[in-house]
Amino acid sequence: MYWLFNSSLGRKFIMSITGTCLVLFLLFHMCMNLVLVFSTEAYDMICEFLGANWYAVVATLGLAGLAALHILYGTLLTLQNKSARGSQGYSSGNKTKTEWSAKNMYVLGLFILLGLVIHLCNFWYKMQFAELIGSPDAVAAGSGLVIELFSKAVYVVIYLLWLFALWFHLTHGVWSAFQTLGWNNKTWYRRLHGISCIVATIIAIGFAAAPIYFGVESLLNGIMTLY
Amino acid sequence: MDKDINIKVRVWRQQGPKAKGHFETYKLENISGGTSFLEMLDILNEQLIREKQEPVVFDNDCREGICGMCSLYINGHPHGPDNLITTCQLHIRHFKDGETITVEPWRSAAFPVVRDLMVDRHAFDKIIQAGGYINVNTGGVPDANAIPISKLDADEAMDAASCIGCGACVAACKNGSAMLFVSAKVSQLALLPQGKIEAKARAKAMVKRMDELGFGNCTNTRACELECPKGVSISNIARLNRSFLGAKLSD
Ligand code: HEM
Ligand code: SF4
Ligand code: FES
């Protein structure tokens, strides 16, 4: 088991497994959000179902563990790679035409993390967390929170920027995870790269639907505020 | 006919492994477009010797793209701006009249600078010593078709075997990773019947040595395959990942 910690391919294996699980979670979460666009009642039913029930809490803990591992290992890899590169950089720069996202996974990751903190404060803290500590202010029906949040222009913009960073992270991340696990070859590289862009785009658009829909709705109703 | 051009070369000068280095700019006049990059450096060195200065130290041997010695980082690319060639195959016609050409050594913690543009690439030899061979004598060249090997495998093994160990992959990689080199050296053997038997142990031993020597973790940026003078593909890295993970999970 030590190879998972002390070999480069072991560390990469953890990155790809945790990354893939996070992608699967995002797909699930996205479907949930899309429900809200069509029916607030159905959405609130899901929120009720995923409140502070034992299975929802266990799943949340598992998810937090995966995210923590991904961030921890991402940081470890980035630091190790910096020192493997050496202290002396190239004066003529690096002009190899690699994809921008591939070289900026950590910066994109940090940006995603920042968005995640804001997101958890916006929703999770007021819903599941408040319910867990038995706060009387706990919100069970999420739809109200969402509609209120996206009537504030700043939050619509923050969420869209956040999704943009996520999109970049995933255009590289998805095919990279396959490559790390060894499921790639000359024919499949192009296909996987295409699949990567499609998955990233589906996730980004799927999540953007709620902020855009409710943002535009509040704008049309004349109740949009700046923040 | 290629035109003669005047150029400036901005070269990294460093007295020894521990010394502090710096850039020095030299002027060269009337260099013909057909001059190879290394011949240009020869001309520079003759000029320096005439002026009673120390010549620039750089690695080279075959000067025909097969030995992998000519490790120069030129204008932002390992082996210069042209694709699929080594520095010795690069010609001055790729540069403009009056251009300043920056020449640096490979930069990677595992490849320390020996002097000027020469780096120590022993780390690659150490990786090969960890298992990049077949342990028994497999005899002479077998009769054609005595051992059936699919065309696909034969081609892939041949492509992997074209790696000349130049280190451009490490030099180009923002992570200082040697995965393209190691995966090529693992694949050239693992794809053929003689090398298949030890494939798992070889993959584990070579990756272990690679990690110990301080090379970075591959994050699939593809800089290596874009700069490799032999066009070695990252599909070899996928193959190495596959056999390494397979070996570890079946342990
Ligand atoms: C919802 C959030 C996230 C998802 C779905 C996700 C997904 C992925 C995937 C699939 C990979 C590719 C793994 C591989 O190459 O084998 C990856 C790589 C990476 N992620 Fe994330 N990630 C997320 C958040 C983060 C965060 C918050 C950070 C750091 C602060 C981060 C840092 C990195 C880094 C540095 C890499 C590149 C490492 C490598 O290629 O080995 N990620 N991510
Ligand atoms: S894989 Fe390509 S770049 Fe790397 S050492 Fe071999 S020939 Fe050079
Ligand atoms: S000197 Fe041999 S490859 Fe360039």
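Considering (1) closer than 30 Å to B:C228 by Cα; (2) in a loop (DSSP other than H, G, I, E, B); (3) open to solvent by 40 Å² or more (accessible area, probe 1.4 Å), the lone condition that A:F178 does not fulfil carries the number (2). Taking the condition open to solvent by 30 Å² or more (accessible area, probe 1.4 Å), within 14 Å of chain A (Cβ to nearest Cβ) and among the hydrophobic types (A, V, I, L, M, F, W, C), does B:L117 pass? No. In region A:96-136, the qualifying residues are those that are part of a loop (DSSP other than H, G, I, E, B), within 14 Å of another protein chain (Cβ to nearest Cβ) and over 21 Å from B:F215 (Cα atoms), and the one that is least open to solvent (accessible area, probe 1.4 Å) is A:E99. Evaluation of A:I205 against the conditions (1) surrounded by 22 or more Cβ atoms within 10 Å (Cβ to Cβ); (2) away from ligand 1 (no atom under 14 Å from the Cβ); (3) free of Cβ contacts under 8 Å to residues at least 24 places away in the same chain shows that the sole unmet condition is (1). Taken together, the residues in region B:89-108 that are more than 20 Å from B:S183 (Cβ to Cβ) and either open to solvent by less than 10 Å² (accessible area, probe 1.4 Å) or facing chain A (nearest Cβ under 8 Å) (or both) amount to 8. Screening B:P193 against (1) without any contact (Cβ under 8 Å) to a residue 60 or more places away in the chain; (2) within 14 Å of chain A (Cβ to nearest Cβ); (3) not hydrophobic (A, V, I, L, M, F, W, C) leaves a single unmet condition, (2).
From the residues in region B:55-78 that are within 14 Å of ligand 2 (Cβ to nearest atom) and open to solvent by 10 Å² or more (accessible area, probe 1.4 Å), which one is nearest to B:C228 (Cα to Cα)? So, considering only residues that are within 14 Å of ligand 2 (Cβ to nearest atom) and open to solvent by 10 Å² or more (accessible area, probe 1.4 Å), the one nearest to B:C228 (Cα to Cα) is B:H77.
Looking across region B:65-100, the residues that are part of a strand (DSSP E or B) and not aliphatic (A, V, I, L, M) come down to B:Y73, B:H77, B:P78, B:H91, B:T100.
Only residues that are hydrophobic (A, V, I, L, M, F, W, C) and over 28 Å from B:G139 (Cα atoms) were counted across region B:170-213, and they come to 9. Every test in (1) open to solvent by less than 50 Å² (accessible area, probe 1.4 Å); (2) on the phi > 0 side of the Ramachandran plot is passed by B:N145 save one, and that test is (1). Looking at this structure, is A:L69 under 22 Å from A:G206 (Cβ atoms), surrounded by fewer than 19 Cβ atoms within 10 Å (Cβ to Cβ) and among the hydrophobic types (A, V, I, L, M, F, W, C)? It is false that A:L69 is under 22 Å from A:G206 (Cβ atoms), surrounded by fewer than 19 Cβ atoms within 10 Å (Cβ to Cβ) and among the hydrophobic types (A, V, I, L, M, F, W, C).
Residues in region A:103-151 that are more than 22 Å from the chain's Cα centre (by Cα), more than 26 Å from A:E217 (Cβ to Cβ) and of a type outside the set (A, V, I, L, M, F, W, C): A:E131, A:G134, A:S135, A:P136. Restricting attention to region B:208-251, the residues being without any contact (Cβ under 8 Å) to a residue 60 or more places away in the chain, open to solvent by 40 Å² or more (accessible area, probe 1.4 Å) and farther than 18 Å from A:N185 by Cβ number 5. Please work out if B:G132 is touching a residue at least 24 places away in the same chain (Cβ under 8 Å) and within 12 Å of the chain's Cα centre (by Cα). No; evaluated as a whole, the condition is false for this residue. Considering A:V157, A:V139, the condition of being in a loop (DSSP other than H, G, I, E, B) and open to solvent by 30 Å² or more (accessible area, probe 1.4 Å) is satisfied by A:V139 alone. Among the residues of region A:27-43, those identified as over 14 Å from A:A209 (Cα atoms) and in contact with a Leu (Cβ under 9 Å, 6 or more places away or on another chain) are A:A42, A:Y43. Restricting attention to region B:1-22, the residues that are in a loop (DSSP other than H, G, I, E, B), surrounded by fewer than 19 Cβ atoms within 10 Å (Cβ to Cβ) and either within 14 Å of another protein chain (Cβ to nearest Cβ) or without any contact (Cβ under 8 Å) to a residue 60 or more places away in the chain (or both) add up to 6.
Of all residues in region A:11-38, those satisfying the criterion of being within 14 Å of chain B (Cβ to nearest Cβ) and either open to solvent by less than 30 Å² (accessible area, probe 1.4 Å) or within 16 Å of ligand 2 (Cβ to nearest atom) (or both) are A:R11, A:K12, A:I14, A:S16, A:G19.
The values are calculated or read from the model by the stated rules, or taken from the named source; none is laboratory data. What you see is a predicted model; the values in this text were computed from it and never measured. We place every Cβ from the backbone using ideal geometry, glycine too, and count neighbours over all the protein chains shown. Side chains are part of the model used for accessible areas, which takes the heavy atoms of the whole protein and leaves out ligands, DNA and RNA. Shrake-Rupley method; radii C 1.70, N 1.55, O 1.52, S 1.80 Å.
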